[in-house]
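Presented below is the structure to which this report refers.
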Amino acid sequence: MLPNVLLSTPTMISAERLRTTGRQLFLRIAAVCVVVALPSAASAQEPWPSVVIRGGALVADFGSDVRLDASVGSVGTSIDLENDLGFQTQAASWFADGVWRMTRRNQLQIAYEGVTRDVSQSFLSDPITFRNQTFTAGVDVAAFLDTFYLSANYGFAFVANPIVEFGASIGVTVVRLHTGMELSAQVSGSTLASRQLTDAVRYTVPVPLPGLFLNIRPHPRVTINASTQIIKATLGDYTASLVEAKSGLDVRVVKAIGVGGAYYFNRTHIERDATLTNGSIQYRFNGPQAYATLSF
């Protein structure tokens with residue numbers, strides 16, 4: 001029996017050592033993985049920045065329809081600015097927005113978008129009535145449509161952790177639409193339509209705008225964001241409908257500075273009744289945004 005024991009012992013010892021060595025190797029590899037993963041995990045658990053500011057350009061496709069009634073009561077012509085007057089269907093504008101996370105769940109969102117558009121030497125194929133003026137077929141006109149959006153919203157995050165934010169917002173968007181038209185022969189010293197026309201009209205409407213927002217951070221330097229707002233309401237003499245949606249990606253490059261890109265959609269329709277400036281303006285633009293970010 002002794003020889004058999006002596007012969008089997010080295011085999012048993014080798015197997016035990018192999019198992020022990022395997023466990024030690026596994027533990028060492030696991031420890032290395034933990035050490036390597038800890039910085040990324042810790043970074044992924046960093047809180048969201050308190051303030052994020054974005055600013056950049058929007059290259060958008062536009063569609064606009066304007067109707068302004070005469071002050072004596074006759075109905076004006078519904079004008080497709082792109083097809084009837086030759087406005088460019090694509091133009092560039094700029095924007096700025098920001099988020100202030102006051103607490104883990106509460107935030108304030110502010111945004112501004114401004115678009116200025118002109119056309120001149122536009123040959124009319126059909127007569128049109130624009131408020132108190134009628135322009136006959138064959139004449140050249142100069143026209144403009146400026147739009148400005150300024151919004152301030154309070155947001156509450158129902159889901160608020162270092163990776164995901166999801167919540168609802170409520171606030172006010174002030175929409176200002178300014179438009180006018182004149183004969184091109186009246187334009188002096190400039191190829192642009194004058195903003196001081198007697199029959200120019202400004203519609204300034206504060207619209208209460210509810211919405212939703214979603215932010216996802218798959219990596220400490222990368223944020224996927226999306227938001228949407230929609231409403232249709234009657235406010236005094238105005239009936240307004242507004243749909244806004246945006247989705248994008250922000251990448252932090254160094255410290256507090258980053259870059260981003262997004263796709264933006266906005267459709268606004270405002271009608272005014274029971275005043276001397278009755279009419280309607282429908283406005284749509286959508287396109288890509290490119291911007292820089294500052295977060296801290």
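The values are calculated or read from the model by the stated rules, or taken from the named source; none is laboratory data. Nothing here was measured: the structure is a model prediction, and the numbers come from that model. Neighbour counts run over all protein chains shown; Cβ positions are idealised from the backbone, glycine included. To get the accessible areas, we keep the full protein, side chains included, count just its heavy atoms, and leave off ligands, DNA and RNA. Shrake-Rupley method; radii C 1.70, N 1.55, O 1.52, S 1.80 Å.
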- Message: So for the stretch 116-135 (the condition being closer than 30 Å to ALA226 by Cβ and not hydrophobic (A, V, I, L, M, F, W, C)), does at least one residue qualify?
- Response: yes
- Message: Criterion first (at pLDDT below 90 and touching a His at 6+ places or on another chain (Cβ under 9 Å)) does ALA240 satisfy it?
- Response: no
- Task: Name the single residue, out of those in the stretch 168-187 being assigned to a strand (DSSP E or B) and of a type in the set (S, T, N, Q), that is surrounded by the fewest Cβ atoms within 10 Å (Cβ to Cβ).
- Result: SER169
- Query: Looking at the stretch 136-167, which of its residues are surrounded by fewer than 20 Cβ atoms within 10 Å (Cβ to Cβ) and over 32 Å from the mean Cα position of the chain (by Cα)?
  - Reply: THR136, ALA137, GLY138, VAL139, ASP140
- Hey, which of the strands (runs of 3 or more DSSP E) in the stretch 42-135, taking only ones fully inside, have at least 3 residues that are open to solvent by 70 Å² or more (accessible area, probe 1.4 Å), in contact with a Pro (Cβ under 9 Å, 6 or more places away or on another chain) and hydrophobic (A, V, I, L, M, F, W, C)? none
- Within the bounds of the stretch 208-228, is there any residue that is of a type in the set (D, E, K, R), closer than 25 Å to GLY76 by Cβ and modelled with pLDDT under 95? no
- Evaluate the following for GLN45: is it modelled with pLDDT of 90 or more and under 29 Å from TYR263 (Cα atoms)? no
- Item | The listed residue being open to solvent by 20 Å² or more (accessible area, probe 1.4 Å), touching a residue at least 12 places away in the same chain (Cβ under 8 Å) and hydrophobic (A, V, I, L, M, F, W, C), out of LEU209, LEU214, LEU242 | LEU214
- Message: I'd like to check something: does the stretch 20-34 contain any residue that is in a loop (DSSP other than H, G, I, E, B), among the polar types (S, T, N, Q), over 30 Å from ARG252 (Cβ atoms) and at pLDDT below 80?
- Response: no
- Would you mind finding the one in THR228, THR234, THR275 that is surrounded by 15 or more Cβ atoms within 10 Å (Cβ to Cβ) and either in a loop (DSSP other than H, G, I, E, B) or not charged (D, E, K, R) (or both)? THR228
- Report, ordered by the first and then the second residue, all pairs with beta carbons closer than 6 Å, sequence separation of six or more or different chains, a first member in the stretch 149-173 that is at negative phi, and a second member that is among the basic types (Lys, Arg) and open to solvent by less than 40 Å² (accessible area, probe 1.4 Å). ILE163/ARG217
